[in-house]
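First comes the structure, then the notes that go with it.
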């Protein structure tokens, strides 16, 4: 895999708009200064040590509230009608010499407001053709290893664009702005399914064939359905009703009771325990600690920590303090499909 050396002190970081203050805190903690919020949840920032050093540090201990980050190698400002020609010139001058010809690439274009007549495809398609012709690199929008990020915002009668090249591993997300969209299926039970899919993908969780999974707070059964698609036998625990399609699945064992009641039955061990229950984050963490004895030594756990508008960081830190003596935190992120919550990936210590 090519390691990019085209560094920049300027970067764009993306987060949920309601949690921008917490993203600002994460950037400040690594000596990154935010210049302005160029669009809701999109922060233009400067790092004295450079983007590459920041990305290296975040590979081992990444942020929670920042979903996506990319370097900025060119800043363009002008009228919308001349934007593409200026972008082409910037790519040819600042990026083409640094694009690896033997590494698949993608153009990720974001229009940061609705005032622009240009669409992402209007920029991505011709720029992709240019790069293919000039470098020989192969376009791969599904699994790129190097990414040209383009973000565009309107400024009244003018527009501004930020362009940068990076190793996709340094962006925190493979998707433009961290916006991961899944196709809705007719069998879908709930929107929460997307959260679990995004967690599996981001944390790179591989489940054993025909494994055993425990779904705490399962109703109406969205996470159970995803686990069944992953060939897991699932115990679904919830005092509420499951969707009829989930009840009809012979690979699902339904326990109509609370998670606390089920624990008193001394259940067997599981390869994976998931928890999306709507409860105080610290109470949920205590429950997961109680369930640690039900996890195989090689097993893993996924849980959502529900946040409140006041003092969400205190809730997260309190939950982590409860979890950490028993579990190793492998990841904690606020995904695109999370709202007032974060997802935490755990393994036993």
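Within the stretch 304-322, take every residue that is closer than 23 Å to residue 224 by Cβ and in contact with a helix residue (DSSP H, G or I) (Cβ under 6 Å, 6 or more places away or on another chain) and give me the one that is surrounded by the fewest Cβ atoms within 10 Å (Cβ to Cβ).
Of everything passing the filter in the stretch 304-322, 306 is surrounded by the fewest Cβ atoms within 10 Å (Cβ to Cβ).
It is to be established whether one or more residues within the stretch 71-82 are at pLDDT 95 or above, under 17 Å from residue 168 (Cβ atoms) and surrounded by fewer than 18 Cβ atoms within 10 Å (Cβ to Cβ).
Checked against the condition, which is being at pLDDT 95 or above, under 17 Å from residue 168 (Cβ atoms) and surrounded by fewer than 18 Cβ atoms within 10 Å (Cβ to Cβ), the stretch 71-82 yields no hits at all.
Please tell me if residue 304 is assigned to a strand (DSSP E or B) and modelled with pLDDT of 95 or more.
yes
Could you please find all residues in the stretch 148-167 being under 22 Å from the mean Cα position of the chain (by Cα) and surrounded by 21 or more Cβ atoms within 10 Å (Cβ to Cβ)?
Within the stretch 148-167, 148, 149, 150, 151, 152, 162, 163, 164, 165, 166 meet the criteria.
Which members of the stretch 208-237 meet the condition of being in contact with a helix residue (DSSP H, G or I) (Cβ under 8 Å, 6 or more places away or on another chain) and either free of Cβ contacts under 8 Å to residues at least 12 places away in the same chain or on the phi > 0 side of the Ramachandran plot (or both)?
Result: 217, 221.
For the stretch 293-301, indicate whether the set of residues that are part of a loop (DSSP other than H, G, I, E, B), surrounded by 21 or more Cβ atoms within 10 Å (Cβ to Cβ) and in the same structural domain as residue 332 (by TED's automatic domain parsing) is non-empty.
No, every residue in the stretch 293-301 fails to be part of a loop (DSSP other than H, G, I, E, B), surrounded by 21 or more Cβ atoms within 10 Å (Cβ to Cβ) and in the same structural domain as residue 332 (by TED's automatic domain parsing).
How many residues does the stretch 102-131 contain that are out of contact with any strand residue (DSSP E or B) (no Cβ under 6 Å at 6 or more places or on another chain) and assigned to a helix (DSSP H, G or I)?
7
Tell me yes or no: at least one residue of the stretch 37-46 is exposed (fewer than 13 other Cβ atoms within 10 Å of the Cβ), assigned by TED's automatic domain parsing to the domain that holds residue 107 and on the phi > 0 side of the Ramachandran plot.
Within the stretch 37-46 (the criterion being exposed (fewer than 13 other Cβ atoms within 10 Å of the Cβ), assigned by TED's automatic domain parsing to the domain that holds residue 107 and on the phi > 0 side of the Ramachandran plot), the answer is no, since none of the residues qualifies.
The values are calculated or read from the model by the stated rules, or taken from the named source; none is laboratory data. Keep in mind that what you see is a predicted model, and the values were worked out from it rather than measured. For neighbour counting, all protein chains shown are included, and Cβ atoms are generated from backbone atoms with ideal geometry for every residue, glycine included.
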